[in-house]
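Here, each number is a calculation from the coordinates, and none is a lab measurement. Given the structure is predicted, the values throughout are model-derived calculations rather than measurements. Counting neighbours? That spans all protein chains shown, and the Cβs are built from the backbone with ideal geometry, glycine included.
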Amino acid sequence: MTYGRTSRTLAAATLVGVALMLAVATSAYAFDETTDTIPPFNEENCGGCHQPYFTVGSGVHGSYTTTTSKCRMCHSVHVAPAGGVLLLPSSTIQGTCFTCHDGTGGKGVYGAIAARGLAVGGRHSTETTNVVPGGDALTGGSAAQSFRGQGGTLTCTDCHSPHGSEIVTAFPGDRRRISGMPPLTLTRMLRQRPGEATQAVSEYGSDWCLACHRGRRSGLPTTHNHPVESLTTTANPYNYRVAAILATDAPTSTAVLGSIGMTNRGYLWPYPRPTLMRGHYPICQQCHEDTRYVGELTPAGTQGDAATWTVSAADGTVSTDNPRFQNFPHETTGYRLLVEATTTAYSDDLCLNCHPVAQLP
């Protein structure tokens, strides 16, 4: 279906937009997918804005035509607020994004953790800072960069491309965004050039993170961090979509190529390393991801016993889910966005997921 092609489609989209605005008693037009009563996957309802469903180039962020009415959903040509940027309906980019992706009430990637009565241990702070931890490529220390937010601060569009241009390859992720709908393989509209990166990165993995955290790159004159798999260490690095993971949740020393998403089998590395792990480092997201219990290596460290991955509901509403929240890299309960940590510190258990005691010098 092409937007702007038929009056029927425009009418359906308009009716849905009006219904949603009337249903939400806040300044935001956020769609609450945890309580929505509109039948999903129905062209006359959700399909009015999201057909084909949740694919880049379509949905609310794409499928533009010469007769489209979609631009005005985010741009106010003559009534933009004073000081507004890009003719947006809000005075900030983040405010515009939150018109739909409302971060209040525990229904979005920001705010869900606090809404469940827990403390945030790590987060990417938007529109408050331009200082990047590990951003200095020479020293490995923090460094200031120029971003797209107010005053040059980090904002949503530094990582996400709202029009779906120059984005990474789609990858499976943990996040359950819609009630009754499992996690999907999506691009998350992640830019190939996050921040002010000069080199495009087509796969979400270490090199994507290193576009801003340049001082965390392995192979620099001085070691600043745990070695990570990237284009600096190998010509064909593993990434989030294709990495060496354990073959099953049950104790196993066998590794297969698979996605880190929708499983906890990508966070345990037995020793001696299985064939597919030899000569490789972990990628950033194998230590920094949504907080969870990943499982344990067996006492000798020769096998990994991965914890069952369970994501049954959106926005952390089910406390037994593992991981409970799927908000990374926006915010997590883990210190410095680590997969296993308290809100204030990491523990040795994180290290022992890959370095059994018997292997230590």
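Summary of values
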{"item": "Cα gyration tensor shape of the range 80-187, rounded if a/c is under 1.5, else prolate or oblate by comparing a/b with b/c", "result": "rounded"}
{"item": "3J(HN,Hα) from dihedral phi, the range 99-112, Karplus parametrisation 6.51/-1.76/1.60, rounded to Hz, x for glycine, proline", "result": "4, 10, 8, 4, x, 9, x, x, 9, x, 6, 10, x, 5"}
{"item": "Added length on full extension, which subtracts the Cα-Cα distance from 0.36 nm per residue, Leu86 to Gln199", "result": "38.2 nm"}
{"item": "Cα-based shape type of the range 156-282, given that a ≥ b ≥ c are square roots of the gyration tensor eigenvalues and the cut on a/c is 1.5", "result": "oblate"}
{"item": "Modelled label reach - Thr169, point 7 Å along Cα→Cβ, the range 231-251 residues with backbone N closer than 11 Å", "result": "237-243"}
{"item": "Theoretical FRET efficiency, 1/(1+(r/R0)^6), r = Cβ-Cβ of Ala250 and Val131, R0 51 Å, to 0.05", "result": "0.70"}
{"item": "Cα shape, the range 156-214, gyration tensor, a/c 1.5 rule", "result": "prolate"}
{"item": "Part-to-part distance (alpha-carbon centres) for the range 208-231 and the range 93-120, which is given in Å", "result": "30 Å"}
{"item": "Label-point gap, in nm, between Leu220 and Leu257 - each point 7 angstrom along Cα→Cβ", "result": "3.1 nm"}
{"item": "Peptides 260-271, 328-339 ordered by average Cβ neighbours within 10 Å, highest first", "result": "260-271, 328-339"}
{"item": "Hz values of 3J(HN,Hα) by residue in the range 286-292 - Karplus curve (6.51, -1.76, 1.60), Gly and Pro given as x", "result": "8, 10, 10, 6, 4, 4, 6"}
{"item": "Cα centroid of the range 323-341 to Cα centroid of the range 249-300, whole Å", "result": "17 Å"}
